[in-house]
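**Student:** Once you've had a glance at the structure underneath, I'll fire off some questions.
The values are calculated or read from the model by the stated rules, or taken from the named source; none is laboratory data. On a predicted model such as this, the values are computed, not experimentally measured, just so you know. A quick note on method: Cβ atoms are made from the backbone with ideal geometry, for glycine too, and the neighbour counts reach across all protein chains shown.
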Amino acid sequence: MGFIQKKDEEEREEIEGIQIIEREDVPDDLPENDVELVGAPSSEDAEEDTAPAGDEDASRRNKLPLLIVCALAIAVVAAVLGYVIGSGGFAPEGVHSATVTEDELDRPLATYTYDGAKHTVSVREAIESQYSLDVALTDEGTYTVPSAEVILTNVRNEILVADAESRGIEATDDEMASYAEETLGVSDFATLAEQYQISEDQAREIVRTNLLISKLYEQVAPEGAAEMPAQPTEPENGDESTSSAEYASYIINLLDDEWDSTTGTWARTDGEMYAAIDGASFDGTTATYAQATAAFYVAYQDYYETASTAQQAWTTYVNNLYANCNLTLLGVFQ
């Protein structure tokens, strides 16, 4: 089996609001690659391979790995990357609550073969894919071994980044700074590093990874670029019949080809918006909150259908990539 993403809508366990995505069988039309879980030698006989203070939301965000926060920061891509990024973090009780000493940090946790090349993921690499070594350091002076989800996250992202780069997708310094500012509200990587207790290089690489995956998503499912409409502002008096020019402007911004902005009249009267807001009573100069709300629901339904189609295209695409990967999880036992 490869790394296959769940496409059903079943209820799933969540960690800090991130759904834990389990593996499922490879679809019949995809090659079946194996994921093996084997015990590594014990640490005795193993041969070594050579958030600033602020509001509550900010406080909560700083408890999450930066990799997860980047993915959560934008609507459509966040929903999709939720599958790709997975739960992240360390399992509170991993396999025998395994830890390693400092001289064991370069032990292999997993090996995988993708596109004909073999790769190894060490304990250090798995930790530093989301955290700093200091975060993983225990009071006993050992390091907590990341959970299997962290390893899967790391491998999945490496596969997606490699695919993005094979398509010629790049992430310039200016693009990375803009992306960090847009998704995290901070474009300075030194600040991000301090905020999430990682190195500046880690912060830069995590933002780069997310940006490349976002660009790859846009190429694979460009129709998913649709923006989720904002809800109209509820009137202070709570009366849905409250009318204003602002509600009319809000509706016009959602009408697209149903409205002729040149003449200030309906371009056609057979559309969903016309029916939803009682178009015969809408003159473009004023509208009620109830009409604005009705327009929002029509626009949101269109957005949802577009986003769902894009997500399905993305899921199918990445599943075909993951099916070409054979992964062996080695594990670390005390």
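**Student:** Say we look at the range 278-315 and pick out the residues that are among the hydrophobic types (A, V, I, L, M, F, W, C) and over 35 Å from the mean Cα position of the chain (by Cα); which of these is farthest from residue 232 (Cα to Cα)? It would help to see each step written out before you state the result.
**Tutor:** Start the filter on the range 278-315 by keeping residues that are among the hydrophobic types (A, V, I, L, M, F, W, C), which leaves 280, 282, 287, 290, 292, 294-296, 298-299, 307, 310, 313-314.
Those still in the list that are over 35 Å from the mean Cα position of the chain (by Cα) too: 280, 282, 287.
Details: 280: 21, 282: 16, 287: 12 Å.
That would be 280.
**Student:** Collect the residues in the range 96-147 that are outside any helix (DSSP H, G or I), aliphatic (A, V, I, L, M) and under 22 Å from residue 204 (Cα atoms), keeping them in residue-number order.
**Tutor:** 121
**Student:** Whether any residue in the range 195-205 is touching a Ser or Thr at 6+ places or on another chain (Cβ under 8 Å) and not in a loop (DSSP other than H, G, I, E, B) is what I want to check.
**Tutor:** Yes, the range 195-205 contains at least one residue that is touching a Ser or Thr at 6+ places or on another chain (Cβ under 8 Å) and not in a loop (DSSP other than H, G, I, E, B).
**Student:** While we're here: Answer yes or no as to whether residue 164 is within 20 Å of residue 214 (Cα to Cα), touching a Phe, Trp or Tyr at 6+ places or on another chain (Cβ under 8 Å) and among the small types (Gly, Ala, Ser). Walk me through it before giving the result.
**Tutor:** Details: within 20 Å of residue 214 (Cα to Cα): yes; touching a Phe, Trp or Tyr at 6+ places or on another chain (Cβ under 8 Å): no; among the small types (Gly, Ala, Ser): yes.
No; evaluated as a whole, the condition is false for this residue.
Yes or no, residue by residue, for (1) under 22 Å from residue 129 (Cα atoms); (2) surrounded by fewer than 20 Cβ atoms within 10 Å (Cβ to Cβ); (3) not assigned by TED's automatic domain parsing to the domain that holds residue 301:
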{"position": "175", "(1), (2), (3)": "yes, yes, yes"}
{"position": "187", "(1), (2), (3)": "yes, yes, yes"}
{"position": "193", "(1), (2), (3)": "yes, yes, yes"}
{"position": "196", "(1), (2), (3)": "yes, no, yes"}
{"position": "218", "(1), (2), (3)": "no, yes, yes"}
{"position": "236", "(1), (2), (3)": "no, yes, yes"}
{"position": "251", "(1), (2), (3)": "no, no, no"}
{"position": "262", "(1), (2), (3)": "no, yes, no"}
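**Student:** Report, by residue number, each residue of the range 149-192 that is basic (Lys, Arg) and at pLDDT below 95.
**Tutor:** 156
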